[in-house]
Every structure is written in structure tokens, then in C-alpha cells.
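Peer 1: Mind looking over this structure? Questions follow.
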Amino acid sequence: MKRKLLLITILLVGGLFVSCSSDESGEKKTETPVIITPSPITITSTSTEFLFAGEDLELTGSNFVNKDYPTKIFINEVEVTPKEITNTKIVLAGPNVKSGVNILKIQIQNISSSPLNFNAIAKGWNKINALGTLNIYRSTVLENSKTIFSLLDSGIPKKIEAKSTGYTQTTISSSSFEEFQMIDDKTGILVSTPNASFTDNAFETTTKITTEYRFTRSDLSIGFLENNNCILNTMVGGQVYTKDNGKTFIKNEPPAWAIDSKSDKVKLHVKAFGKSTSNGKFYQLGLIYDSNYNYDKNAVLESPTGYSDWTIKDTISKINKNILPLYKFKNINQILSINENDHTLVQSTDMLKSWTVVKTNVTSVFLRTETEWYIQSGDKLLVTKNSGASWELELELPADSYILDISFSKSKILISGFKGLQYLKIE
């Protein structure tokens with residue numbers, strides 16, 4: 001009996017002890033959350049050291065994400081929204097940049113990355129200063145490359161590369177050339193009569209085609225270049241055609257009448273060569289010299305290939321000597337040139353036989369398409385997109401500028417000229 005009472009007493013005391021140690025409210029205690037302080041943010045690399053407007057910028061590094069705080073990205077102190085973000089990668093889709101040095105920073109709460117400086121080129125016209133005050137005879141701008149290729153009026157070819165510090169120029173060759181054109185970063189042609197040098201490795205090595213004096217008469221030029229199809233043209237109407245970057249070629253002799261067989265004097269001088277959008281045929285435009293070496297007749301020749309089967313369209317119509325024979329055309333039924341007497345832009349719709357005025361006060365003309373033309377008028381670059389029906393101001397040029405060349409790609413325009421004149425437009 002005593003043992004039973006003792007057991008009951010122990011159970012009652014134990015229950016009382018447990019009851020006294022419990023929370024009277026019955027509520028569970030809430031744990032205090034742990035906030036993780038952002039780790040140091042490091043940018044280790046970027047997808048490009050020179051950004052073109054519209055191009056994506058990819059950043060790689062560490063600690064780009066924190067679960068408790070948002071990641072903020074700033075370019076020139078303006079916040080931008082990432083297209084993609086992980087702890088080690090950020091992609092910015094065509095961020096808004098200015099030409100020159102831009103400053104990027106990543107920030108999480110009170111932790112910021114070291115500022116990242118990168119060079120960029122904005123949409124619109126941008127002055128390129130890589131060649132200083134050198135005269136730039138001709139240039140090539142490529143759609144899928146940031147590199148510019150230029151030929152100085154001294155004949156020296158230059159490569160202008162986009163670096164982290166801006167555009168930087170290097171010399172491709174110390175020799176002098178008359179023509180220089182690139183298809184891409186690696187593939188191109190250098191011409192120094194009577195030779196044409198083709199390359200597919202940025203002129204580390206070349207394939208050379210050599211012609212004779214009677215064939216070229218000291219004037220070999222790039223008449224047509226599309227992909228690897230190239231037609232070299234001579235002043236007396238001969239051609240060299242290659243479709244494999246100079247490895248094999250077809251040579252077409254000048255017309256028999258182009259050189260006088262007795263005096264050996266030139267009778268034909270080709271001034272323009274091109275393919276017409278109207279019918280896909282090739283044309284040579286030039287001058288006919290008489291026995292006293294005075295030019296007085298037009299020359300128009302037509303070919304289905306550009307290097308064979310040439311037929312004469314005209315060698316008898318009288319030339320207008322006020323018109324500079326620097327003919328430009330996309331469509332053979334609309335040839336443009338400049339009247340050097342009154343500085344008017346003129347056009348011929350009948351293959352050089354007659355000319356009508358399109359616009360006054362014009363120094364030079366360059367064709368992008370059949371309907372889109374660019375002219376220099378004083379210190380202004382003007383554009384028409386409707387074959388001269390109306391004109392718009394494209395660019396104000398420095399005083400006394402003189403444009404020698406305009407190169408076009410799908411979304412870029414590059415003008416070059418005297419005293420280092422070089423402007424690049426990103427459309």
C-alpha cells in the first residue's frame with residue numbers, strides 16, 4: 001500500500017514540474033532570420049573590348065547575385081536592365097552607350113564592383129582619328145567586322161582596329177599600291193600595276209597575278225568584287241577574272257581596236273566598270289581617242305559575264321567635255337557624274353549621249369543603291385533616297401573638307417578624304 005502511494009506522489013510531482021516549464025501562451029518561438037552580407041563583386045572579363053551600338057555586352061566574373069538583395073547595373077551612372085543574369089555571367093542586350101570611354105559598375109546593396117572602363121561607338125556619325133591628318137584615298141567598311149581598311153593617297157595600305165583604347169592603325173605593307181579592297185578581315189586584294197596580290201590570311205601570304213604592259217597600259221584596277229568573284233579591269237578594256245582568290249584565273253585580252261596597231265597609241269580609255277541592276281549585265285564606260293590623241297567620242301561596251309563576249313553599244317556619239325568622266329552607276333540607264341564647269345550633279349539616261357542637271361553646287365557623288373545617293377555640297381554631306389527628287393542633310397563636315405571615297409555595308413557608312421577626314425556612321 002505504501003509503495004502505491006509513493007508512485008502516485010512521484011507522478012504528480014513530475015507532471016507539475018513539466019507543466020511549470022511550458023510556455024503558458026502555447027505559442028512557438030520565431031527564429032531571427034540571418035541576412036547574408038553581399039560578397040565582393042568581381043568582373044573578370046567582357047565579350048568585347050570595343051562595343052558597337054546595338055551589340056550585346058557579356059560580363060563574366062563572380063558574386064553577381066545575392067538572394068537577399070537585388071543586383072543593379074549602371075553604365076555612365078544610368079541603371080540598365082540585364083537580359084540575363086547568373087552568379088557568374090551578365091548579358092546586356094544592346095545597352096545604350098556613348099562614343100568613347102564608358103564606365104560600368106555592378107552594385108548589390110552597399111557593395112560595388114570596381115568600375116569597368118570600356119570603349120564604345122554610338123549610333124550615328126563618329127569621327128575616326130586613327131590616321132591623323134593623312135590623306136585617305138579609299139577605305140573599306142565591313143558589316144561583320146569592326147576593323148576598317150584604308151589606302152592612303154601615298155599608296156600605303158592601313159588596318160585600323162578597334163581596341164580597348166580606341167581605334168589604332170597599323171601598316172599592312174610598306175610598299176605602295178593603287179588599289180586596296182577587303183572582302184572580310186582575312187580576304188582581300190592589293191593592286192600595283194601590273195600585279196594583283198590576293199590573300200586569305202590578312203596578307204601574311206599572297207597569290208600574285210602578273211599582267212603585261214600591253215594588256216594593262218599601266219592601269220589595272222578592281223572592276224568588280226563580290227564574295228570571291230573578282231574582275232580586274234584595265235584602261236584598254238582587258239580583264240582578269242578569278243573565282244578562287246587568284247589561285248586560278250581567266251584572262252580576256254583588250255579589243256583589237258583599243259590600241260593602234262601601227263602607232264601603238266591607246267584609242268580606248270575605260271573610266272568606269274560595273275554591273276547594272278537593270279539587266280545583270282556588265283558595262284565599260286570610257287573615251288575614244290582620235291589619231292592626234294584627242295578624245296571626242298564616248299565608249300560603251302556590254303558583256304553578260306564581265307570578262308568575255310563584249311559587244312560595242314556606242315563608239316560614235318560625241319562626248320561632252322564639260323562632264324568629268326568619273327561615271328557612277330548602279331543602273332546603266334541612270335549614269336551620274338559632275339559638270340566641272342558649273343559644279344552640277346548631272347545624269348544620263350541614254351548611256352552618255354546626253355545629260356540633264358539633277359542638283360547644283362555638288363563636288364562629288366557616291367551611290368549606295370540605285371535610288372540612294374550621297375553628295376558633297378560645300379561643307380555638307382547630303383543624301384537622297386528617291387533618286388534626287390529630294391535631299392536631306394546627312395552630316396556637317398569640317399571647313400574645307402574634301403571627300404574622296406564613301407564605303408557602304410548593310411548598317412554602316414564610312415567616308416574618307418583629305419587631311420585625315422574619316423567618319424563612321426552606325427545606323
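Peer 1: Looking at (1) in contact (Cβ under 8 Å) with a residue 24 or more places away in the chain; (2) farther than 21 Å from Phe366 by Cβ; (3) surrounded by fewer than 16 Cβ atoms within 10 Å (Cβ to Cβ), which is the only condition Ile319 fails?
Peer 2: (3)
Peer 1: Condition first: within 17 Å of Gly61 (Cα to Cα) and among the acidic types (Asp, Glu). Now tell me which residues in segment 76-109 satisfy that.
Peer 2: Glu84
Peer 1: Of everything in segment 283-295, what is in contact (Cβ under 8 Å) with a residue 24 or more places away in the chain and under 24 Å from Ser354 (Cβ atoms)? Give them in sequence order.
Peer 2: Within segment 283-295, Tyr283, Gln284, Leu285, Gly286, Leu287, Ile288, Tyr289, Tyr295 qualify.
Peer 1: Does segment 182-195 contain any residue that is touching a Lys or Arg at 6+ places or on another chain (Cβ under 8 Å), buried (at least 18 other Cβ atoms within 10 Å of the Cβ) and touching a residue at least 40 places away in the same chain (Cβ under 8 Å)? Break it down into steps so the answer makes sense when it comes.
Peer 2: Applying the first criterion (touching a Lys or Arg at 6+ places or on another chain (Cβ under 8 Å)) to segment 182-195 yields 195.
With the extra rule that they be buried (at least 18 other Cβ atoms within 10 Å of the Cβ), the set shrinks to none.
Within segment 182-195, not a single residue is touching a Lys or Arg at 6+ places or on another chain (Cβ under 8 Å), buried (at least 18 other Cβ atoms within 10 Å of the Cβ) and touching a residue at least 40 places away in the same chain (Cβ under 8 Å).
Peer 1: Return only the number of the condition from (1) more than 23 Å from the chain's Cα centre (by Cα); (2) surrounded by fewer than 16 Cβ atoms within 10 Å (Cβ to Cβ); (3) not in a strand (DSSP E or B) that Lys72 does not satisfy.
Peer 2: Of the numbered conditions (1) more than 23 Å from the chain's Cα centre (by Cα); (2) surrounded by fewer than 16 Cβ atoms within 10 Å (Cβ to Cβ); (3) not in a strand (DSSP E or B), the odd one out for Lys72 is (3).
Peer 1: Still on this model: Taking segment 217-259 on its own, how many of its residues are among the polar types (S, T, N, Q), surrounded by 16 or more Cβ atoms within 10 Å (Cβ to Cβ) and assigned to a loop (DSSP other than H, G, I, E, B)?
Peer 2: Count: 1.
Peer 1: Could you grab the pairs with beta carbons closer than 6 Å, sequence gap of 6+ or different chains, first residue in segment 377-404 and within 19 Å of Glu340 (Cα to Cα), second one at pLDDT below 95 and in a loop (DSSP other than H, G, I, E, B)?
Peer 2: Correct list of pairs: empty, since none qualify.
Peer 1: Would you confirm whether or not segment 355-370 contains a residue that is among the basic types (Lys, Arg), touching a Leu at 6+ places or on another chain (Cβ under 6 Å) and farther than 24 Å from Thr140 by Cα?
Peer 2: Yes: segment 355-370 contains one or more residues that are among the basic types (Lys, Arg), touching a Leu at 6+ places or on another chain (Cβ under 6 Å) and farther than 24 Å from Thr140 by Cα.
Peer 1: Now for a different question. Go through segment 272-281 residue by residue and tally those that are free of Cβ contacts under 8 Å to residues at least 60 places away in the same chain and either assigned to a loop (DSSP other than H, G, I, E, B) or among the charged types (D, E, K, R) (or both).
Peer 2: Going through segment 272-281 one residue at a time, the tally reaches 6.
Peer 1: Pro82: exposed (fewer than 15 other Cβ atoms within 10 Å of the Cβ) and more than 30 Å from Ile413 (Cβ to Cβ), yes or no?
Peer 2: So Pro82 does not fit the description; no.
Peer 1: Okay, next question. For residues that are among the small types (Gly, Ala, Ser) and modelled with pLDDT under 95, scanning just segment 49-88, find the one that is nearest to Lys163 (Cα to Cα).
Peer 2: Among those residues, the one meeting the criterion is Ala53.
Peer 1: Across segment 239-271, what is the number of residues that are under 23 Å from Met182 (Cα atoms) and without any contact (Cβ under 8 Å) to a residue 60 or more places away in the chain?
Peer 2: Number of matching residues: 11.
Peer 1: Checking the conditions here, which among Asn87, Asn129, Asn144 is outside any strand (DSSP E or B), surrounded by fewer than 17 Cβ atoms within 10 Å (Cβ to Cβ) and free of Cβ contacts under 8 Å to residues at least 40 places away in the same chain?
Peer 2: Asn87
Peer 1: Can you list the strands (runs of 3 or more DSSP E) found entirely within segment 347-417 that contain at least 2 residues being surrounded by fewer than 17 Cβ atoms within 10 Å (Cβ to Cβ) and among the charged types (D, E, K, R)?
Peer 2: Output list reads 392-396.
Peer 1: Using the structure shown, decide if Ile156 is more than 19 Å from the chain's Cα centre (by Cα), more than 24 Å from Phe50 (Cα to Cα) and not hydroxyl-bearing (Ser, Thr, Tyr).
Peer 2: Here the answer is yes, as Ile156 does meet what is asked.
Peer 1: Among the residues of segment 100-126, write down those that are surrounded by fewer than 19 Cβ atoms within 10 Å (Cβ to Cβ), outside any strand (DSSP E or B) and of a type in the set (S, T, N, Q).
Peer 2: Gln109, Asn110, Ser114
Peer 1: Looking at Gly166, Gly188, can you tell me which residue is of a type outside the set (Phe, Trp, Tyr) and farther than 30 Å from Leu59 by Cα? It would help to see each step written out before you state the result.
Peer 2: Working: Gly166 fails: farther than 30 Å from Leu59 by Cα.
Gly188 is the lone residue from the list that is of a type outside the set (Phe, Trp, Tyr) and farther than 30 Å from Leu59 by Cα.
Peer 1: May I pose another question? Across segment 380-427, which residue is nearest to Ser364 (Cα to Cα) among those that are among the hydroxyl-bearing types (Ser, Thr, Tyr) and over 20 Å from the mean Cα position of the chain (by Cα)?
Peer 2: Step one: list which residues in segment 380-427 are among the hydroxyl-bearing types (Ser, Thr, Tyr), which gives 384, 387, 390, 401-402, 407, 409, 411, 416, 423.
So of that shortlist, the ones also over 20 Å from the mean Cα position of the chain (by Cα) come out as 384, 387, 390, 401-402.
Values: Thr384: 14, Ser387: 15, Ser390: 17, Ser401: 12, Tyr402: 9 Å.
Among them, the one singled out is Tyr402.
Peer 1: Taking the stated definitions as given, is Ser263 exposed (fewer than 14 other Cβ atoms within 10 Å of the Cβ) and of a type outside the set (D, E, K, R)?
Peer 2: Values: exposed (fewer than 14 other Cβ atoms within 10 Å of the Cβ): yes; of a type outside the set (D, E, K, R): yes.
It is true that Ser263 is exposed (fewer than 14 other Cβ atoms within 10 Å of the Cβ) and of a type outside the set (D, E, K, R).
The values are calculated or read from the model by the stated rules, or taken from the named source; none is laboratory data. What you are looking at is a predicted structure, and each value in this text was computed from that prediction instead of being measured. In this analysis, Cβ positions are derived from the backbone assuming ideal geometry, glycine residues included, and neighbour counts consider all displayed protein chains.
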